[in-house]
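Report on the structure given below.
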Amino acid sequence: MKKRILSGMRPTGKLHIGHILGALDNWVRLQDEYQCFYMVADLHALTSEYADTSAMPENIKEMVIDWLACGIDPAKSTLLVQSRIPEHSELHLILSMITPVSWLERCPTYKEQMHEIKGKDLSTYGFLGYPVLQAADITIYKAEVVPIGEDQLPHLELTREIVRRFCQFYGDVLPEPQALLTSVPRLLGTDGRKMSKSYNNAIYIADSPEEIKQKVMAMVTDPARLRPTDPGHPEICSVFSYDKIFSKEQLTEIEEKCRKGKRGCVECKKILLENMQKFLAPIQARRRQYEQDLPYIEKVLNEGTARAQEFARNTMQEVKKAVRLK
Ligand code: TRP
Ligand code: SF4
């Protein structure tokens, strides 16, 4: 029997190359070794986007197209939409009964976001309970393994604590999940800051070749290089940090030419551009195909969601029995 995996992403818009390297490549690799459930976390998106949900349907569609284009295979993995499976919400409610508020209030991601995110009122019951919903997502499929980035570790730790508490009260019904950390080279935005939609410094899977060219050619390099013959410092150059991922084979040459002032930044960027286009071309070709076939996307989500719900229903029955709600 293969072990089960659950992971999810909030549908907040088009995905960028950071998502490919940080999560999707890993999700794709895990598909053969595990029974994978990949979830569109639309309820989690609602915790912060509740005041304007107009983009939700579009965001879900675009994200799933990106998943498939990157190689998530519905024949191997179950793709599901969280809000279409009421068992997620039902288990969330039961888990919320046993989760001390203090655990949630001291969660580092909660404190950070309350502090950092302006312009949205996050002082809601739902937002505080974000990790409880995540615990429900994971345990409703009795997932043993949860591939996540480091930023999600506090949530997984909370899931484990909630599960332990649940089992103390009601018996050994839910397994304690393990994190599977994605070891990623952290990719910054084209301006050297954190990659983010609001900085407009990310390269999206859906970007046209022209948009990608513009973004790469505008990338920040070593500011000390005014002429191509000035010796450069690749370690402080955004282009070079991308080269480490996309131009692996030419890396020593790129570094040497930069340090010795033998190649100008414009020429150097063109090398990166070509390598990135090569990496993205097959993904983008698949993306264009899926864009043409929206009924197929809906079918994938319907079938995956139905399969997942069967599993979720069974767990919910066991949970209710354990809690003596039946
Ligand atoms: N909170 C996760 C994120 O923002 C998304 C998510 C929701 C998730 N439920 C999950 C991830 C369950 C892993 C397991 O990235
Ligand atoms: Fe960066 Fe290349 Fe310019 Fe060196 S030559 S500073 S690596 S863009």
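Quick notes on this structure:
- Residues that are under 17 Å from Leu79 (Cα atoms) and surrounded by 19 or more Cβ atoms within 10 Å (Cβ to Cβ), drawn from region 46-59: Asn59
- Filtered residues of region 224-234 (kept if without any contact (Cβ under 8 Å) to a residue 12 or more places away in the chain and within 9 Å of ligand 2 (Cβ to nearest atom)): Ala224
- Sole residue being more than 12 Å from ligand 1 (Cβ to nearest atom), at pLDDT 95 or above and over 30 Å from Glu318 (Cβ atoms), chosen from Gln168, Gln214: Gln214
- Of all residues in region 18-35 being farther than 22 Å from Lys3 by Cα and hydrophobic (A, V, I, L, M, F, W, C), the one that is surrounded by the fewest Cβ atoms within 10 Å (Cβ to Cβ): Leu21
A quick yes/no check of all residues on (1) closer than 17 Å to Met217 by Cβ; (2) small (Gly, Ala, Ser); (3) more than 16 Å from ligand 1 (Cβ to nearest atom):
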{"residue": "Glu253", "(1), (2), (3)": "no, no, yes"}
{"residue": "Glu256", "(1), (2), (3)": "no, no, yes"}
{"residue": "Gly261", "(1), (2), (3)": "no, yes, yes"}
{"residue": "Cys268", "(1), (2), (3)": "yes, no, yes"}
{"residue": "Leu280", "(1), (2), (3)": "yes, no, yes"}
{"residue": "Leu294", "(1), (2), (3)": "no, no, yes"}
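- Selection from region 112-165 of residues that are more than 10 Å from ligand 1 (Cβ to nearest atom) and small (Gly, Ala, Ser): Gly119, Ser123, Gly126, Gly129
- Only one of Met195, Met219 that is within 16 Å of ligand 1 (Cβ to nearest atom), assigned to a loop (DSSP other than H, G, I, E, B) and not assigned by TED's automatic domain parsing to the domain that holds Glu116: Met195
- Yes/no for Ala143 being closer than 26 Å to Gln31 by Cα, in contact with a His (Cβ under 8 Å, 6 or more places away or on another chain) and surrounded by 16 or more Cβ atoms within 10 Å (Cβ to Cβ): no
- Filtered residues of region 25-48 (kept if closer than 19 Å to Leu156 by Cβ, among the aliphatic types (A, V, I, L, M) and more than 10 Å from ligand 1 (Cβ to nearest atom)): Leu30
The values are calculated or read from the model by the stated rules, or taken from the named source; none is laboratory data. For clarity, every value in this text was computed on a predicted model and none was experimentally measured. Here the Cβ is made from the backbone with ideal geometry for all residues, glycine too, and neighbour counts use every protein chain on show.
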